[in-house]
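Here's the structure, in structure tokens; my notes come after.
Values quoted throughout were computed directly from the atomic coordinates according to the rules given, and no laboratory measurement underlies them. Predicted, not measured: the structure shown is a model, and the values here were computed from it. Because the Cβ atoms are built from the backbone with ideal geometry, glycine has one as well, and the counts that use them run over all protein chains shown.
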Amino acid sequence: MAGQTYSYGAGRRKTSSARVRVYQGQGRIVINEKPVEEYFPRESDVVALTEPLVAAGLRDTVDVVVKVEGGGITGQSGAVRQGIARALVSLDPDLRGVLKKGGFLTRDPREKERKKPGLKRARKAPQYTKR
């Protein structure tokens, strides 16, 4: 892949961030220098991050190389999914409508809520006792 031209996209979810490069190729996906099935053992995560490629009809015609860090497994797969979608749009701007309609370009804004003083967690209060 060295020396080839690529399209770049960045994705984020919760505390995870992914940097994605999309090359012309045979459909290989490499995440942190490991095959996608090895990095994400759950099938649902693999299916989720390949959805933008399937929607664009490019599953077997592009290679994807990803560097992802932070967060957990599901957050990382969501970040990779958004990064792939953004990279595909920079590769071919005509795909923007298809990917936008599928919801692949929208950042999921949900974050972990902070713990509040006097509470045990973000919302869980100590048990109330009347007497």
Inset, instruction - Starting with the highest mean, order 63-73, 3-13 by the number of other Cβ atoms within 10 Å, averaged over the residues of each peptide. - result: 63-73, 3-13
Legend entry - Highest-fluctuation residue, Gly102, Gly118, Gly78 considered, GNM on the chain with Cα pairs under 10 Å: Gly118
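What is the local net charge at Gln24, summed over the other residues whose Cβ is closer than 15 Å to its Cβ (Lys, Arg +1; Asp, Glu -1)? Show your work: numbers first, answer last.
Numbers: positive: Arg21, Arg28, Arg59; negative: Asp60, Asp63, Asp92.
With Lys, Arg at +1 and Asp, Glu at -1, the neighbours total 0.
Determine the shape class of the chain: with a ≥ b ≥ c the square roots of the Cα gyration tensor eigenvalues, call it rounded for a/c under 1.5, and otherwise prolate if a/b is greater than b/c, oblate otherwise.
On the way: a/c = 2.93, a/b = 2.31, b/c = 1.27.
In terms of gyration-tensor shape, prolate.
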Legend entry - Lys, Arg +1 and Asp, Glu -1 on Cβ, resulting dipole of the chain about Cα centre, debye, nearest 20: 1540
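What does the charge count around Val64 come to, taking other residues whose C-beta lies under 9 Å from its C-beta (Lys +1, Arg +1, Asp -1, Glu -1)? Intermediate results must be reported in sequence, preceding the final value.
Numbers: positive: Arg21, Arg28; negative: Asp63.
Residues near Val64 contribute +1 overall.
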Inset, instruction - Per DSSP H run of at least 4 residues, take -39500 (n - 2.57); add these up for the chain, divide by its residues and hand me the 222 nm value, nearest 500 deg cm²/dmol. - result: -10000 deg cm²/dmol
Legend entry - Sparse-neighbour loop sites [chymotrypsin sites (Phe, Trp or Tyr not before Pro); region 28-131; at most 14 other C-beta within 10 Å; DSSP]: Tyr128
Legend entry - Sequence-separation-based contact order of the chain, relative, with Cα cut under 8 Å and 6+ spacing, percent: 32
